[in-house]
Amino acid sequence: MLKRITLFFISIISLSLQAQTPEKLSSNQIYERIQKLNFLGKVLYVAAHPDDENTKLISYFSNYYHAETAYLSLTRGDGGQNLIGPELREKLGAIRTQELLAARRVDGGKQFFTRANDFGFSKEPTETFSIWNKDQVLSDVVQAMENFKPDIVINRFDHRTPGTTHGHHTASAILSLEAYNKISVKPQRVFFNTSWWFYGSEENFEKADKSNLLAIEANVYYPLKGKSNSEIAALSRSQHKCQGFGTTGNRGNEPEYLELLKGTMPNADDIFEGIDTSWNRIEGGAAIEAILKPIEEHFNFNNPAEHLPQLIKAYTLINQLKDDSWKKLKSEQITSIIEACSGLYLEAKASVPYVTKGQTFSLNVEAINRSHAKIELKEIQLPNGNFPQNRTLATNEKNDITLENYTLPTNEAYSNLFWLNEKPTVGMYVVPDKAERNLPEIKTPFPITFLLNIDGIPFSVTENIKYKTNTPENGETYYPFALLPDVSVSLVDNVNIFKPKQTKEIKVKVKANKADFKGTLELDLNSDWSVYPSHQEVNIAQKGDEKIYTFKVKSPSDEQNTSLLAKVITDNQTFSKQIIEINYPHIPKQTILEDAEAKMVTLDIKTKKESIGYLTGAGDEVGRYLENLNYTITYLTPKDLTLENLKQFDAIILGIRAFNVVPELQYKNKVLFEYVENGGNLIVQYNTNHHLVTPEIAPYSLNLSRDRVTNENARMNFLDFKCTALNSPNTITQKDFDGWVQERGLYFPNEWSSEFQPILATADAGETEKKGCLLVAKYGKGNYCYTGLSFFRQLPEGVSGAYKLLANLIAL
């Protein structure tokens, strides 16, 4: 594989750049970059998950002080829920990674991660460290601190209060302090970013002694931006769309509070007090400051190109610095400033959105100098060849350069998210290349470097090959260029439920990513299962075409839960990956390669009623997986919720968080209750007590809490062995709670009226039993069921017991 990254410092280069769309800086933005160039101070904010960061402080340090400000999120947020789509686990982590990068592009910060896998909620750091490899995560935190070299570290959470918040939260603070003790060049100060939340209420915080806290008035106003710090922070926070964290910015005083953990307490007006943040802090910096400070003080907003001669002089001196860390960072910063001041625009567009190995394509290069500086384009360098140019870029004269019949190196890796190249464990991602472990993404997977002379000084700019098209709705649109396998394979259904000795059709989708593809399609499956035919020939003429192939598969006589792998074999290669594209308008398109697998479950399950109305909730695919049981599923919209229409259904199921995300339920709830009263069966899946569209989620009193059971193996106690929900049409036993993933359930009710019958009870170690995970009540002639059990996680994993229990609830 082509070595793309040799040193960690590449991870701190200009992550504020959007993944595809080229930067086009205004004079104001160039000036702000010069301010940042002249400030030599760094702040690292540390927490556990993508949405734990305090965007107000990140924006404040980045835009008020102009400090290099980074957020170290230990995880990518894989264990959360998704409000905008069905993606969970690694796919959700891909979305949340990009949402964090979008947030940093707004607030001006940088983004780092560790290899920790967000396995879901944990209640104490001891549980967290039993699943994470603590030594590996700590080494990643140490690496981030050693390479970024922050002057100030701020922990979002308190290391001294385990058990009061998410175990990952406390773990992040513990690891931050342990890393501080391990590194040789220590930050000057370490703080805990406290707030009223840690005191239980705003009233408690108002009364608390704050003499040991540093109060920072962070909500300053930025005339160059026309926004307050809080307004910028709100725009940044609102990038967490899959978590529903859109928020409104404020104006006026909004203090932030920091408790000093290490170092000396600074003046509230200058958190960098006693830290040299000028160029004088590094050897050779004084001469650079003598050039750059006058540019900042007398910046020409109308003609930034006026400063190019002096910027080039500073650029030369920066590249002679002995301090490698500052040299690399400041060289990258001044490079972007010189590029912007000169109006230099360099872009390389692939003629196609993707290629396979060995496929030729054209690169269309645009190069233009929109200043009066003397700029020469000497050479274009690509991973698989150099192309001399030796052309002068005359003022405002567009240069279109076409590189024909280019191919990528044969050993180039397929496009994929680097942390998913190897199979992860429950607690950790496997990233062999140490230099990649803190990175949010590989910024230039297909780099193209332009070697130039500006006023006689050698200068280089590296961009990424991209694909650009025009769409009627969006106009100019950029997509990441990709290298894909010759063919992708996927199962039409990723979970298949069989009865013993049942034969079903299994459909496999094969898509050719090159023309005239030929191969043989086979299914790898446990020998207890029979597959007919044993193989099928694949012949696809056109690139981008796909075909569906059907196999007949017969299950064994006993209950099993196994995996099927689809693969296409050619003369010299085996292809067994499916290509997953995640494409939302607020983030760049993400390409993920996964094994072409499906869950194959033999299950002696009985179902009674067959007609189900399903109202989809947030990122909800439960209905699709219920189709495995041959139910007739009708997907409802709020306008379908009329009493006359609902009469046709044996059961109505509300998707996850429906009472949080379907506004019409504030009045359609009465129709649902009347449906139950007339003899219907209503199943309501989990909701959160935050942002309910109505408190009336049941026909009787029902209060939601934050109670959850995070141990997926926690014992389930049957409170009434004879109740219908546990006996008809399937007998539920303890065995049916084996193999659950991530958790038992979440946001259980903790108070309910006497009409409800609790069915199950469970608890995490050391806690009292939670009896609100499954509640059933008679209402009129029908049944109302509320469940916080995480069926939305179990059904996609083919957990047989979850299917059986849900079938019983449907049959009530």
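Here are some notes:
- Whole-Å distance, taken between Cα centres, linking the stretch 372-394 and the stretch 178-206: 50
- Net charge in the neighbourhood of Thr616 (other residues with Cβ under 11 Å of its Cβ; Lys, Arg +1, Asp, Glu -1) is 0.
- Gain on full stretching of the segment that runs from Asn386 to Asp493 - 0.36 nm per residue minus C-alpha separation: 33.9 nm
- Shape of the stretch 422-564, Cα gyration tensor, a/c cut at 1.5: prolate
- At R0 = 41 Å, FRET efficiency that the Cβ-Cβ distance of Ser705 and Thr425 yields, to 0.05: 0.85
- The value of relative contact order for the stretch 611-810, using C-alpha pairs under 8 Å at least six residues apart, is 23 percent.
- Förster radius 25 Å - calculated FRET efficiency between Leu692 and Tyr199 (Cβ-Cβ, nearest 0.05): 0.50
- Helix 800-810 and the long axis of the chain differ in direction by around 60°, with both axes built from C-alpha atoms.
- Counting neighbouring Cβ atoms within 10 Å and putting the fewest first, the residues Val776, Val568, Val185 line up as Val185, Val776, Val568.
- Local electrostatic count at Asp604 - Lys and Arg +1, Asp and Glu -1, tallied over other residues with Cβ under 13 Å: +2
- Principal-axis tilt of helix 285-297 within the chain, Cα atoms, nearest 10 degrees: 80
- Binned Cα-Cα distances of the stretch 41-277, short to long, each 10 Å bin given as a whole percent: 8, 32, 39, 19, 2, 0
- Length gained when the stretch Ser184-Val741 is fully extended (0.36 nm per residue, less Cα-Cα span): 196.5 nm
- DSSP bridge analysis restricted to the stretch 41-277 gives an antiparallel fraction near 40%, rounded to the nearest 5.
- Charged neighbours of Ala348, selected by a Cβ distance under 12 Å, balance to -1 (K, R count +1; D, E count -1).
- Of the peptides 560-567, 466-473, 61-68, 403-410, the ranking by mean beta-carbon count within 10 Å, highest at the top, reads 61-68, 560-567, 403-410, 466-473.
- Pairs over the 24 Å Cα-Cα cut-off, from the set Lys771/Lys804; Lys123/Lys182; Lys349/Lys434; Lys134/Lys577; Lys357/Lys466: Lys123/Lys182; Lys349/Lys434; Lys134/Lys577.
- Shown in residue order for the stretch 714-721 are the 3J(HN,Hα) couplings computed by the Karplus curve 6.51 cos²θ - 1.76 cosθ + 1.60 at θ = phi - 60°: 4, 5, 9, 9, 8, 7, 8, 4 Hz (x for Gly and Pro).
- Residues in the stretch 700-713 carry Karplus couplings, in order, of 10, 5, 8, 10, 7, 10, 9, 4, 8, 10, 8, 7, 5, 9 Hz; the curve used is 6.51 cos²θ - 1.76 cosθ + 1.60 with θ = phi - 60°, and Gly or Pro positions show x.
- Val538 long-range amide H proximity, modeled H, under 5 Å: Gly519, Thr520, Leu521
- Reciprocal mean inverse distance between Cα atoms of the stretch 487-602 - Kirkwood radius, Å: 15.0
- Taking amide H atoms as placed 1.01 Å from N in the peptide plane, the amide H of Ser530 lies under 5 Å from those of Lys554, each 5 or more residues away in sequence or on another chain.
- Using θ = phi - 60° in the Karplus curve 6.51 cos²θ - 1.76 cosθ + 1.60, the 3J(HN,Hα) couplings for the stretch 760-768 round to 10, 9, 7, 7, 6, 4, x, 10, 6 Hz; x is entered for Gly and Pro.
- Cα gyration tensor category, rounded, prolate or oblate, for the stretch 638-714 with a/c compared to 1.5: prolate
- For the chain, share of DSSP beta bridges that run antiparallel, in % to the nearest 5: 75
- Between the stretch 739-778 and the stretch 497-542, the alpha-carbon center distance in angstrom: 42
- Amide H contacts under 5 Å for Phe498, placed H, 5+ residues apart: Val601, Thr602, Leu603
- If R0 equals 51 Å, the separation of the Cβ atoms of Thr632 and Asn399 corresponds to a calculated FRET efficiency of about 0.25.
- Shape category assigned to the stretch 704-812 from the gyration tensor of Cα positions, a/c cut at 1.5: oblate
- Degrees between helix 167-182 axis and first principal axis of the chain (Cα, 0 to 90, nearest 10): 30
Taken together, the values in this text are just the output of simple stated rules run on the coordinates, not laboratory data. Just so we're clear, the structure is a prediction, and the values are computed from it rather than from any experiment. For neighbour counting, all protein chains shown are included, and Cβ atoms are generated from backbone atoms with ideal geometry for every residue, glycine included.
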